[in-house]
1. Given the criterion in contact (Cβ under 8 Å) with a residue 12 or more places away in the chain and surrounded by 10 or more Cβ atoms within 10 Å (Cβ to Cβ), identify the matching residue among 17, 65, 35.
2. Of all residues in the stretch 20-29 being surrounded by 10 or more Cβ atoms within 10 Å (Cβ to Cβ) and of a type in the set (A, V, I, L, M, F, W, C), which is farthest from residue 65 (Cα to Cα)?
3. Could you give every pair whose Cβ atoms fall below 8 Å, whose first residue belongs to the stretch 73-102 and is more than 26 Å from residue 50 (Cβ to Cβ), and whose second residue is surrounded by fewer than 10 Cβ atoms within 10 Å (Cβ to Cβ), counting only separations of at least 6 or pairs across chains?
4. So which pairs qualify, if the first residue must be in the stretch 43-62 and under 21 Å from residue 74 (Cβ atoms), the second must be of a type outside the set (A, V, I, L, M, F, W, C) and exposed (fewer than 12 other Cβ atoms within 10 Å of the Cβ), the Cβ gap must be under 7 Å, and the two must be at least 6 apart or on different chains?
5. Looking at the stretch 63-102, which of its residues are more than 28 Å from the chain's Cα centre (by Cα), within 19 Å of residue 45 (Cβ to Cβ) and among the aromatic types (Phe, Trp, Tyr)?
6. Do the conditions hold for residue 147, that is, is it in contact with a strand residue (DSSP E or B) (Cβ under 9 Å, 6 or more places away or on another chain) and at pLDDT below 90?
Amino acid sequence: MKTKAAIKPVKSRSLEVQTANKGYIFILPFIIGLVLFFVPMLGMSFYYIFNQIKMGAGGATFQFVGLQNLKDALFKDVYFLDLLVKTIGSMLLEIPMIIFYSLFIATLINGKLRGKGVFRMIMMIPVTRKLVGTSLGWRAVVPPLVASGAP
C-alpha cells in the first residue's frame with residue numbers, strides 16, 4: 001500500500017524579515033540620494049580644502065598644499081572666524097525654532113480643524129511659488145525654440 005507523500009508547507013518569511021525589508025525599501029531613496037549627491041560633494045570639498053586651485057586657459061589646476069588653506073582661513077582671514085561664530089549662533093537659534101514650528105503646524109493639520117484643506121493649501125504656497133519661479137527663470141534663460149523642442 002502506497003502512502004501519500006506528505007505535503008511540506010512552504011516556508012514563509014518571518015514577520016521580522018518582512019518588516020526589515022520594508023524598512024530598507026523605505027530608506028532606499030535616502031541612501032541613493034546620499035550616495036549620488038552628498039558623498040561625492042563631501043569628497044570634492046575635502047579635495048578642495050587640501051589643494052590650491054588655479055584657473056588658467058586650460059582649465060583648473062590643483063596643487064596640493066595640505067592644511068595651509070585651513071591655517072589661512074583660521075589665522076589670516078579677518079572675516080572667517082566672525083562669520084563662523086555668527087553662522088553657528090544662527091543655526092543654534094533657527095533650527096529649534098524651525099523644528100518647533102513644523103511640529104506645531106503638523107499638530108494643527110492632523111487635528112480636528114475646520115478648513116483643513118484651505119490651511120494645507122496655504123502651507124503649500126511657498127512650494128508652488130518656488131516651482132513657478134524656477135520654471136519662469138528657466139524660460140527666460142532657455143531660448144523659446146529650444147524649450148519648444150523645435151529643431
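1. 65
2. Per the criteria, the residue is 20.
3. none
4. 50/66; 51/63; 52/63
5. Here is the first cut: in the stretch 63-102, the ones more than 28 Å from the chain's Cα centre (by Cα) are 63-68, 71-72, 74-79.
Subsequent filtering for residues that are within 19 Å of residue 45 (Cβ to Cβ) retains 63-68, 71-72, 74, 77.
Scanning the stretch 63-102 gives a single hit, 64.
6. In short, no.
The values are calculated or read from the model by the stated rules, or taken from the named source; none is laboratory data. Model, not experiment: these values are computed from the prediction. Cβ coordinates were reconstructed from backbone atoms using ideal geometry, including for glycine residues, and neighbour counts include every protein chain displayed.
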